[in-house]
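Worksheet: the structure to be examined is printed underneath.
The values are calculated or read from the model by the stated rules, or taken from the named source; none is laboratory data. Because the structure is predicted, anything quoted here is derived from the model rather than measured. Backbone-built Cβ (ideal geometry, glycine too); neighbour counts: all protein chains shown. Heavy atoms of the whole protein, side chains included, go into the accessibility calculation; ligands, DNA and RNA do not. Shrake-Rupley method; radii C 1.70, N 1.55, O 1.52, S 1.80 Å.
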Amino acid sequence: MKKLQQLPEAWQVCLDLAVEGYNAGSMGIAAVIVDKAGNIVARGRNQLRDDKDSCSSIRMSSVAHAEINALNNLPQEYREDRELTLYTTVEPCPMCLGAVAMSRIRAIEIGCADPHAGSIVMLEHNEYLRGKNIAVEYAGGEVEKLCFLLHYLSIRRDLSHNPGHRIFKALARRYPHYVQAIDAVLERDESLHRGDITTEFLYYASARLG
């Protein structure tokens with residue numbers, strides 16, 4: 001099992017920001033934009049429900065998604081660059097995918113799929129988006145597990161009052177083993193339902209996903 005420091009820098013930063021977002025009360029989702037040399041030139045995290053100081057400039061708004069914040073933070077000198085890549089811990093929603101398409105970014109790296117709100121399929125079925133020729137890759141492996149952990153923990157916390165929400169069925173269909181394993185870890189340790197999480201906990205839980 002890789003430690004966070006052994007992952008590519010873009011994923012390290014994404015996961016650190018996603019943990020920050022989760023601990024601040026927002027969703028544990030983050031994104032960074034890198035240039036062709038691999039340098040991080042912009043970053044953003046989900047900030048739907050917190051107004052804490054962070055890399056995000058859009059806060060406490062329904063559009064304060066990680067990808068939107070990363071795009072908004074992109075320096076002017078990079079805004080015509082077509083060799084940028086956006087890394088995001090969770091598959092973009094329709095709003096974020098549309099924003100990427102309207103930018104000059106033509107490559108997306110995704111930590112984990114979102115079978116509920118994820119919209120990558122639109123790149124195939126929408127003629128306008130298909131014409132953008134946006135390349136998409138899913139990280140897989142340890143990155144996928146860690147990103148899904150943060151996403152699932154966020155959803156469990158935010159929808160604890162509605163365990164029958166359709167998103168849980170969608171996630172269980174897409175990641176049945178992960179969902180069962182995470183639920184088992186949480187049932188064994190009730191304290192994990194409360195308070196902050198750490199990258200150490202993420203690796204503890206990740207090791208139990210096989």
Prolate/oblate/rounded label for the stretch 14-65 (Cα gyration tensor, a/c 1.5): prolate
Distant-in-sequence amide H partners of V136 (H built 1.01 Å from N, under 5 Å): I108
Carbon/sulfur fraction of accessible area - the stretch 1-151, other protein chains in place, 1.4 Å, %: 47 percent
By average C-beta atoms within 10 angstrom, highest first, the peptides 43-55, 25-37: 25-37, 43-55
The chain, relative contact order [Cα under 8 Å, separation at least 6], %: 18 percent
Table column - 3J(HN,Hα) (Hz), the stretch 113-130, Karplus curve with 6.51, -1.76, 1.60, x for Gly and Pro: 6, 10, x, 9, 10, x, 10, 4, 4, 4, 5, 8, 9, 9, 4, 5, 5, 4
Rounded to 5, percent antiparallel among DSSP beta bridges of the chain: 55 percent
The chain, helix-only ellipticity at 222 nm - DSSP H runs n ≥ 4, -39,500 (n - 2.57), divided by all residues, nearest 500: -12500 deg cm²/dmol
